[in-house]
Amino acid sequence: MKEQAVLVFTKKEEEFVSLLVRIGMRKNVAKMLVFLANTKEATSRQIERGADMRQPEACMAIKYLSGQGWIKSREAPSEKQGRPEKHYSLAVPPRQIISHIEKVKKNELSSELSRVRKVREYI
């Protein structure tokens with residue numbers, strides 16, 4: 001049997017995930033984003049183990065992050081016979097992702113304030 005190291009979140013990384021969730025990001029997406037922000041590249045299996053996610057959760061997070069253009073993938077031959085493994089990494093720097101999230105949240109807040117002002121007009 002082959003021994004393999006598994007990366008796990010530090011307290012700081014868990015806090016990062018928690019903050020992302022509190023601002024509205026889905027937990028599994030936040031976990032994957034934080035995991036990839038702290039590794040150069042990882043397979044879906046490494047992400048699942050390190051971020052404590054099940055395969056379907058990881059798959060959904062990959063789809064979301066890919067749709068945003070935040071991650072990229074490449075195929076590499078498997079160590080065993082069979083299908084090639086997919087390796088994932090961030091396509092853009094984490095700071096750029098956070099800037100995008102900040103912009104979206106500012107727009108949402110602006111829309112909310114606009115609705116509150118409109119409600120005031122009725123009073």
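The values are calculated or read from the model by the stated rules, or taken from the named source; none is laboratory data. Predicted, not measured: the structure shown is a model, and the values here were computed from it. No Cβ is skipped: glycine too gets one built from the backbone with ideal geometry, and neighbour counts run over all protein chains shown.
When R83, R74 are checked against the criterion of being in the same structural domain as V21 (by TED's automatic domain parsing), assigned to a strand (DSSP E or B) and out of contact with any Cys (no Cβ under 7 Å at 6 or more places or on another chain), R74 stands alone in meeting it. Restricting attention to the range 95-108 and to residues that are without any contact (Cβ under 8 Å) to a residue 40 or more places away in the chain and of a type in the set (A, V, I, L, M, F, W, C), the residue that is farthest from G24 (Cα to Cα) turns out to be I98. Inclusion of K63 among residues that are at negative phi and either in a strand (DSSP E or B) or outside the structural domain of A37 (by TED's automatic domain parsing) (or both) is not warranted. The residues in the range 53-79 that are among the acidic types (D, E) and either within 17 Å of L90 (Cβ to Cβ) or without any contact (Cβ under 8 Å) to a residue 24 or more places away in the chain (or both) can be counted, and the count is 2. Of all the criteria given as (1) assigned to a helix (DSSP H, G or I); (2) surrounded by 12 or more Cβ atoms within 10 Å (Cβ to Cβ), the one not satisfied by K12 is (2).
Out of the range 38-78, which residues are buried (at least 17 other Cβ atoms within 10 Å of the Cβ) and among the hydrophobic types (A, V, I, L, M, F, W, C)? Within the range 38-78, A42, I47, A51, M53, A58, A61, I62, L65, W70, I71 qualify. In this structure, S89 qualifies as among the hydroxyl-bearing types (S, T, Y), modelled with pLDDT of 95 or more and in contact with a Lys or Arg (Cβ under 7 Å, 6 or more places away or on another chain). Can you confirm whether S111 is in contact with a Ser or Thr (Cβ under 8 Å, 6 or more places away or on another chain) and without any contact (Cβ under 8 Å) to a residue 24 or more places away in the chain? When the stated conditions are applied, S111 does not pass them. Of the residues in the range 25-39, at least one is assigned to a helix (DSSP H, G or I), charged (D, E, K, R) and within 24 Å of K12 (Cβ to Cβ). When the range 45-60 is filtered for residues that are within 14 Å of the chain's Cα centre (by Cα) and more than 12 Å from F35 (Cα to Cα), the ones remaining, listed by number, are E57, C59, M60. Here R22 passes the criteria (1) of a type in the set (D, E, K, R); (2) under 22 Å from S99 (Cβ atoms); (3) surrounded by 15 or more Cβ atoms within 10 Å (Cβ to Cβ) except the one numbered (3).
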